[in-house]
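Reviewing the structure listed below.
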Amino acid sequence: MITPGSKYFLGLTGLGLVSAVLYCFLVNPSDLGAYALFGLFISAALIAGFSIFTSDGDTDSVAEAVEANTETTAPSFWPIVFALGGALTLLGIATNEIVFVLGLAVLVGGAVEWVIDDWAEKASADTEFNSFIRHRAIGALDYPGIAAVVLGVVAFLFSRIMLTVSKDEASIIFIIVSALIFVTGFLLAAKPALRGKSTAIISVVGALVLAVAGVTSALNGERKELVKYAKEDPYSISHRECGKEAGEHYDHEANGSVSLRSGVIATIFVEGGKIRAQEVGLKRDVQAITIPRSNSTTILFRNLDSEEYRLVANLGEAKVGTTDVMEKVGTCTQLTGKNEEQALTVTIPKPSNPEAPYTLTVPGATGEIKVVVP
Amino acid sequence: MDTVSPVKSLTRRISTTVAGVAGAVVLAGCAQNAPQDTWKPKGDNAQMIYSLDKLVFPIAGIVGVLVSALAGYIFVKFRDKGQAIPAQSHGKPIVEIVLTIVPALILTVVGVFTFRTIMDLAETQDTEMIINVTGQQWWWEYDYPAQADQGITQPIITSGQLVIPEDTNVLLRETSRDVIHSFWIPALNGKKDAVPGRIHLLRMQADQPGIYAGQCTEFCGLSHANMRMEAIALSKEDFAKWVANQQKPYTAPAEGTLAKEGEGVFINQCARCHQVNGIKDANGKAIISAPDENVYSGAAPNLTTLMTRNTFAGAMFDMVNQKCRADVWDAKSEDFGAKYLAGVTEDCLNEKNLRAWLRNAPAMKPMYADPAKLEKTNGLYRGMPNLGLTEDDIDKLVAYLLTLK
Ligand SMILES: [Cu+2]
């Protein structure tokens, strides 16, 4: 029995089949076009089959048909979201991963919401009850989902602002914004009369300010020093200039480097122009420190003098590339001011030679600490 | 049997099983030979933990038994027998106050003692000696920085067995070359993770000479269960002897001996991974091993004094035969030092283990040592590979290795 609902799909099935066969004969039986047309044929046939099987749109009388259509369905935007998700996913496959994941999330979210909507709509004859069970089924997920998106947008815009303004301005903005949030929250809690309209106004104004400021700062770009860090790494090995004088690149912004002080094996001090060392865990000065072979090991340098110093590790000699020319191997910290600390991480693959051990020195200060690698 | 109803026999079967399992668990707690028993402290630090346990366990036990008994009583007594639902009341202030205050008091007492113990165990002011402990898949390396006041004039490096002087506050400085491991000698202290890139401090002190077993307690891959270690405590005089022996210069085997040929095989086959301090090639040039080019962690055990240790490969295998092993492990505290310092003699050598190791190490201890499957580690082994040695070479190597003591 051909039902009214199946007619369109039966037609599509026929069209799909005819065009697929023609395509195969006239164009190419084994390219994408043929697959697409056969795909159309198969999917249309499938839907037509379902439609016939479920007697879709088949009514015995006009009265019955009218009855079936009186309850109009509520407009839903989930199909649009679902379609958008599909488009994003495809776009993501072609462009980049983040878009793909985002698309997938939208796709799945849209599908779930749409399915629940559809189910709730037909759950009973009572619209009110239907909307109630819809909320009970999925409402608990809607709000956290929306909240996550909103918070994400807020955090993103806020971070753009913070990356653009200078460090001092950032602290001031932080103080003002948090104070505002606190005061507003306090007022709303203390004076319930203020809730309602004023909350809405505050939220809208806040959102607008955030959006405008966020977008403007994103367009302005990050603050100067952040751009500089991203462009060149001032701590890179090739920039290390381990002499007494301040280096052109390396000694800029020394205190911006991260201290690794929690995992050190020894601390080297400069005090009164003299260098001395303490092994971690042993509270007395030593002349030599021992570090395990082929393992990255961190040494802390602490300058107690007012003059700026750096710690230099002299790690023997090695051949330059494939030539036979020997070159000194070493590394150093940046210049370090009074009471400041820098960490130096070294990895020494070979045991030290008892006659010529590796050393730690501080240009401009006297003394040296032996580094023994057993 | 047909007089027993099926229900009864099932109940009986279940109860016998439960009783059997419970009995086995109880009996397992009574093992005679349990070297890793946490409740047999042999040093100050383990003693601190034990004292805390002695306080906390009874409290926790009493609370546990009381709560379970009460819960069981309520389950049985007030189960649904079709009775009417009793009148409902809303709380009883006195009960609520008591049930808040009593646990709070118990937790405060337990907390105070626990924090004190934690702080005491983190103390480093009283350190007398430091030792660097480095974990890697699947063995421990120990290196002793020079400490003249402890008689260590040059650094010492060894593996598997950590040797310490008795009654001395030793501070281990743990780190790792690959993944996270955890160092644990239950008789001497609790566990402490060894984390790559960090130095963690762990106190060690042993009251008496003896051998104390332990094992890695942070899952670290294939042979984690085989990553064992032993702490050896020696009297101060014996420790000085041990140090002197570790620091004495290398003596090459005499020309024309089997051991000398073994040295040659060693130089060809083993020296690229294993360091023997002082070994020289035919031209008299010192041979420096390059484990960093062959092994993923960048290290292989230093074999300079291999035969002073009586276990090998992460303390997994005995280097000595059963009789000699029992001699050392069961020795009285006074005799222990001399027996341990005797090292591995020709009579004591467990040739079977050592030969099997040289013949095919990965067959003895699971390691990532299949040359065909090293893409992930850029051609580096994790563990010791099968070197395909001939029995002839193995004879020579055993003769040579026996001289390393
Ligand atoms: Cu381990």
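Odds and ends about this structure:
- Accessible area of the range B:36-121 belonging to carbon and sulfur atoms, whole % at 1.4 Å probe: 74
- Taking only Cα atoms of the range A:255-372, radius of gyration then Dmax in Å: 14.3, 45
- Here r is the Cβ-Cβ distance between A:ASP285 and B:ALA87 and R0 is 60 Å; the resulting FRET efficiency, rounded to 0.05, is 0.15.
- Here the average projected area of the convex hull drawn through the C-alpha atoms of chain A stands at 37.2 nm².
- Lone cysteines, chain A (no partner Cβ under 4.7 Å): A:CYS24
- Candidate aspartates and glutamates - alpha carbon under 15 Å from B:LYS236, same-chain residues fewer than 8 apart omitted: B:GLU128, B:ASP149, B:GLU166, B:ASP167, B:ASP207, B:GLU334, B:ASP335
- When each full DSSP H helix of chain B is screened for a Cα extent of at least 30 Å along its own axis and an average Kyte-Doolittle hydropathy of at least 1.0, the helices passing are B:44-77, B:93-122.
- Accessible surface of B:ASP347 - all protein chains present, 1.4 Å probe, nearest 10 Å²: 130
- Cα centroid separation, the range B:218-286 to the range B:76-97 (Å): 73
- The residues A:ARG134, B:ARG12, B:ARG309, sorted by heavy-atom accessible surface at 1.4 Å with ligands and nucleic acids left out, run B:ARG12, A:ARG134, B:ARG309 from largest to smallest.
- Cα-based radius of gyration for the range B:37-149, normalised by 2.2 N^0.38 Å, reads 1.85.
- Against chain A, whose longest principal axis is taken from its Cα atoms, helix A:32-53 shows a tilt of about 50°.
- Computed Kirkwood radius, in angstrom, where 1/r is averaged over Cα pairs of the range B:229-377: 17.4
- The figure for B:MET364 is an accessible area of roughly 40 square angstrom, using a 1.4 Å probe on the protein chains alone.
- Hits among aspartates and glutamates - C-alpha to C-alpha of A:LYS274 under 17 Å, sequence gap 8 or more where chains match: A:ASP285, A:ASP305, A:GLU307, A:GLU308, A:GLU340, A:GLU341, A:GLU368
- Between the alpha-carbon centres of the range B:116-188 and the range A:15-35 there is a gap of 77 Å.
- Theoretical gain in end-to-end length, A:VAL209 to A:THR54 [0.36 nm per residue, Cα-Cα removed]: 50.3 nm
- With Cα atoms, 0 to 90° folded angle of helix A:197-220 axis to chain A main axis: 60
- Protein heavy-atom accessible surface, 1.4 Å probe, per residue over chain B: 53 Å².
- Taking the DSSP beta bridges with both ends in the protein assembly as shown, the antiparallel portion is around 70 percent.
- Solvent-accessible surface ranking, highest first, for B:ASP335, A:ASP142 at 1.4 angstrom: B:ASP335, A:ASP142
- Scaled radius of gyration (Cα, divided by 2.2 N^0.38 Å) that the range B:308-356 gives: 1.09
- Rounded to 10°, Cα long-axis angle of helix A:78-94 versus longest principal axis of chain A: 50
- Accessible surface ranking that places the most exposed of A:TRP78, B:TRP138 first, with a 1.4 angstrom probe: A:TRP78, B:TRP138
- Neighbouring Cβ atoms from other chains, within 10 Å of the Cβ of residues in B:337-347, number 0 on average.
- Spatial separation of Cα centroids for the range B:361-398 and the range B:195-210, in angstrom: 31
- Entries in A:LYS244/A:LYS338; B:LYS42/B:LYS339; A:LYS244/A:LYS319 that, when Cα-Cα distance is taken, lie over 23 Å: A:LYS244/A:LYS319
- Rg ratio (alpha-carbon, reference 2.2 N^0.38 Å) - the range B:129-405: 0.96
- Exceeding the 29 Å Cα-Cα cut-off - candidates B:LYS192/B:LYS285; A:LYS370/B:LYS285; A:LYS224/A:LYS328; B:LYS248/B:LYS373; A:LYS7/A:LYS122; A:LYS328/B:LYS405: B:LYS192/B:LYS285; A:LYS224/A:LYS328; B:LYS248/B:LYS373; A:LYS328/B:LYS405
- Furthest towards positive pole of dipole, B:TYR296, B:ALA259, B:SER333, structure part the range B:229-359, Cβ charges: B:TYR296
- Peptide A:274-286 is shielded by partner chain Cβ atoms: per residue, an average of 4 of them sit within 10 Å of its Cβ.
- Evaluated at q = 0.06, 0.07, 0.12 Å⁻¹: base-10 log I(q)/I(0), Debye formula over Cα of the protein assembly as shown: -0.71, -0.89, -1.34
The values are calculated or read from the model by the stated rules, or taken from the named source; none is laboratory data. Worth saying up front: this structure is predicted, and the values here are computed from it rather than measured. As a convention, Cβ positions derive from the backbone with ideal geometry for all residues, glycine included, and neighbour counts pool all protein chains shown. Surface areas here come from the heavy atoms of the whole protein model, side chains and all, with no ligands, DNA or RNA. Shrake-Rupley method; radii C 1.70, N 1.55, O 1.52, S 1.80 Å.
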